[in-house]
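The values are calculated or read from the model by the stated rules, or taken from the named source; none is laboratory data. What you see is a predicted model; the values in this text were computed from it and never measured. We place every Cβ from the backbone using ideal geometry, glycine too, and count neighbours over all the protein chains shown.
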Amino acid sequence: MLRTLVRPALSTVSKSASTISGFKSGTKYGGKTTVTLIPGDGVGPEIAESVTTLFKEMSVPVEFETIDLTKYTLNDEGAFNNAITSLKRNGVGLKGVLNRSGDFRTHNVEFRGDLDTYANVVRCMSFEGVKTHHSGIDLIAIRENTEGEYSCLEHESVSGVVECLKVITREKSMRIAKFAFDYALEHNRKKVTCIHKANIMKLSDGLFKSCCAETAKLYPSIDYDEQIVDNTCQQLVINPQQFDVMVMPNLVRNRCIQPWSWLVGGAGLVPSKSFGDDIAVFEPGARHTWMEMKGMYVANPVAMVLSSAFMLKHLMLNEAGDNLITAVKQVLNKRTCQTRDLGGNATTREMTRAIISELHELHARERTEQANLSNY
Amino acid sequence: MLSGRVCKLLGPALARHNHTVTLFPGDGIGPQISSSVKEIFSAADAPIEWEEHEVYPILEKDGKTRIPQPAIDSIFKNKIGLKGPMRTAIGKGHVSLNLTIRRTFGLYANVRPAKSVPGVTTPYSENGVDCVIVRENTEGEYSGIEHTVVPGVVQSVKLITRDASRNVAEYAFKYARDNNRANVVALHKANIMKMSDGMFLEQCRLVSEKYPDIKFRDMYLDSACMKIVKDPGQFDVMVMPNLYGDIFSDLTAGLIGGLGLAPSGNMGRDGLALYEAVHGTADELGRKKQG
């Protein structure tokens, strides 16, 4: 077996600071930061190619260390360990989605456990040019990424009766609560909502909820409220604009996030990032490998591109990150280049070229403005 | 509408050919909406006689929670009931009243239809929502088994049994057949919870073999959440474990206009049925005076 069945319930991490604001360590050679790139399975390599093309075009000082895990099996411990080591060394990673394997823990879950990327942040924002049932959405979902239902502790106590353990600890709940409020402060957000099911899971989600409430007292400038998860699902389809930052335990978030992606236009438009104390991993928010479309270049690269833009900002390359985000928004707003999920038939590469074209226009406008300023 | 073929009324009919139905008004807005129902039935001259009972939790010495005996006897006599929403106090030491009722009467399948209502416009009205969720009602994450391992570490047990999974799957397929529904989808997270949700899924598959006329497929819960928001019309009957059913049915209620429009039925052994609205007690609304 690659990993032992039982993991310790208590985390041994003593640091409390998270890497929200800024990249403090990593690998840098010749002025270029090395970032681990794991394209993943399915359409992963195609959308990763979009990112590498864009970065090259923008001359971003980032070097990719590409790790191929597409053929990962139980026996290939070397490849998996190689990826983990690379991520730990570089401190920053850009990742596609890994296909679910037959092992008792999926690869994605193992990554989170080994790297202790305890906070997963998904950004769901509406785009003007993408018509959906709702508009004006800009919410952030923060999920505790390492415990809860995904602790993977199951056993068959007697034949025909299976128990699955959900573990919630005060330490990890306080950690994610603090992360959520720090994140809200850093990004000028006004409200944090704790999503839970404490009316039924009184002890476990009750503990999570009380940790959030306790942490809220330390941040008087941020509004705090609580909502039961089934009501949240209902509210998301009736009035999603009411949400700002949401913090929740593991499975709760996963249950809710997929409808969120369609609220703004689909899995192809939602970026996410996962933070540990010394590591940040950027990846599309919705876990879709879309295996059947592999090699056809029909996937929407926007989620991966936006994730990479957030990665640039994390690396303090704010101008490059902001320009990339602006270019993506312009392409979506113009609606002249749309991939299949948006109702068009553009390919992944055509979408990439459209973004490049917008970047050139942006750059030209900036040069004109600068020239005007210097003439003045 | 739930067909009588799935849940045939087995209770006694009175001399005037009225049926006696047990009524639990409930908490919060419960009494108000229950009295609305009585008024409407009376205006429609429906052949129903109501037998009202109060329900509140009684904490026994052995730590178990039960409801008053007259309420229990009434349901077992009439075999059919209508229940208002009941409050679940957080942190009071006793188990949820709704859970207690489900266990007392062996209500193993919770059926929640979600159908677009003419005159209620939502962003999804055009798609036309018409799906039914069949939720396992007795176990799963709602087993109520939790404990503190050491201070600061809590475990909650999700229990899945072969029997309960098979029972709810049987109900879902029988419902589909009796109500001319073409397909049944099982929602699960067996990629993560391989043993527990895996067992649930296995039982659904085994039952589906007895119903070759009904198309069966399974779907990850997160995929289903995404697809139903994109195109709710593709869903027909869905069967799933307890917690997913609770949350997913609130999502579908949102698609048709909110919890205030969503009905449900709880099915027990030997034709016993207890119907209720999906929504909760809405205590703030309950305190306001109604005109």
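A single member of A:H187, A:H196 is out of contact with any Leu (no Cβ under 6 Å at 6 or more places or on another chain), surrounded by fewer than 21 Cβ atoms within 10 Å (Cβ to Cβ), more than 9 Å from every other protein chain (Cβ to nearest Cβ) and touching a residue at least 40 places away in the same chain (Cβ under 8 Å), and it is A:H187. Does B:S156 qualify as being within 9 Å of chain A (Cβ to nearest Cβ) and hydroxyl-bearing (S, T, Y)? Against the criterion (within 9 Å of chain A (Cβ to nearest Cβ) and hydroxyl-bearing (S, T, Y)), B:S156 qualifies. I'm trying to understand the selection: among the residues of the stretch B:53-67, which are under 21 Å from the mean Cα position of the chain (by Cα) and part of a strand (DSSP E or B)? Scanning the stretch B:53-67 gives B:T65, B:R66. Within the bounds of the stretch A:339-349, is there any residue that is of a type in the set (D, E), under 16 Å from A:I47 (Cα atoms) and modelled with pLDDT under 90? Checking the stretch A:339-349: at least one residue is of a type in the set (D, E), under 16 Å from A:I47 (Cα atoms) and modelled with pLDDT under 90.
Quick check, is B:K64 within 29 Å of B:A224 (Cα to Cα) and more than 13 Å from chain A (Cβ to nearest Cβ)? So B:K64 does not fit the description; no. Could you tell me whether the stretch B:131-144 includes any residue that is within 14 Å of chain A (Cβ to nearest Cβ), over 26 Å from B:L201 (Cα atoms) and surrounded by 15 or more Cβ atoms within 10 Å (Cβ to Cβ)? No, because not a single residue in the stretch B:131-144 is within 14 Å of chain A (Cβ to nearest Cβ), over 26 Å from B:L201 (Cα atoms) and surrounded by 15 or more Cβ atoms within 10 Å (Cβ to Cβ).
Summed over the stretch A:158-178, the residues that are farther than 16 Å from B:V153 by Cβ, more than 9 Å from chain B (Cβ to nearest Cβ) and modelled with pLDDT under 95 give a count of 1. When the stretch B:231-245 is filtered for residues that are buried (at least 19 other Cβ atoms within 10 Å of the Cβ) and not small (G, A, S), the ones remaining, listed by number, are B:P232, B:F235, B:V237, B:M238, B:V239, B:M240, B:P241, B:N242, B:L243, B:Y244. Among the residues of the stretch B:139-155, is there at least one that is β-branched (V, I, T) and under 24 Å from B:M219 (Cα atoms)? Scanning the stretch B:139-155, I find no residue that is β-branched (V, I, T) and under 24 Å from B:M219 (Cα atoms), so the answer is no. If you go through the stretch A:210-239 and keep only what is at the interface with another protein chain (Cβ under 9 Å from one of its Cβ atoms) and closer than 21 Å to B:S156 by Cα, you end up with A:I228, A:V229, A:D230. Count of the stretch B:1-41 residues, restricted to those that are at pLDDT 85 or above, out of contact with any strand residue (DSSP E or B) (no Cβ under 9 Å at 6 or more places or on another chain) and more than 16 Å from B:T281 (Cβ to Cβ), is 2.
Scanning the stretch A:168-184 for residues that are buried (at least 23 other Cβ atoms within 10 Å of the Cβ), of a type outside the set (S, T, N, Q) and in contact with a Gly (Cβ under 7 Å, 6 or more places away or on another chain) yields one hit, A:I168. Under the condition of being polar (S, T, N, Q), in a loop (DSSP other than H, G, I, E, B) and more than 14 Å from chain A (Cβ to nearest Cβ), the residues counted in the stretch B:176-198 number 2. Within the stretch B:28-46, the residues that satisfy the criterion of being farther than 26 Å from B:G271 by Cα and surrounded by 20 or more Cβ atoms within 10 Å (Cβ to Cβ) are B:G28, B:I29. Flag not set for B:F173, criterion: part of a helix (DSSP H, G or I) and touching a His at 6+ places or on another chain (Cβ under 7 Å). Answer with yes or no whether B:N110 is modelled with pLDDT of 90 or more, within 22 Å of B:D218 (Cα to Cα) and either more than 14 Å from chain A (Cβ to nearest Cβ) or surrounded by fewer than 23 Cβ atoms within 10 Å (Cβ to Cβ) (or both). Considered against the rule, which asks whether it is modelled with pLDDT of 90 or more, within 22 Å of B:D218 (Cα to Cα) and either more than 14 Å from chain A (Cβ to nearest Cβ) or surrounded by fewer than 23 Cβ atoms within 10 Å (Cβ to Cβ) (or both), B:N110 comes out as no. Inside the stretch A:68-108, residues that are farther than 28 Å from B:K189 by Cβ, modelled with pLDDT of 80 or more and assigned to a helix (DSSP H, G or I) make up a count of 6. Where helices (runs of 4 or more DSSP H) sit wholly within the stretch A:288-376, those with at least 3 residues that are crowded, with 22+ Cβ neighbours inside 10 Å and in contact with a strand residue (DSSP E or B) (Cβ under 8 Å, 6 or more places away or on another chain) occupy A:302-314.
Could you tell me whether A:E65 is at pLDDT 85 or above, assigned to a strand (DSSP E or B) and buried (at least 16 other Cβ atoms within 10 Å of the Cβ)? So A:E65 passes the test. Of all the residues in the stretch B:209-225, those that are more than 22 Å from the chain's Cα centre (by Cα) and either crowded, with 18+ Cβ neighbours inside 10 Å or free of Cβ contacts under 8 Å to residues at least 12 places away in the same chain (or both) number 4.
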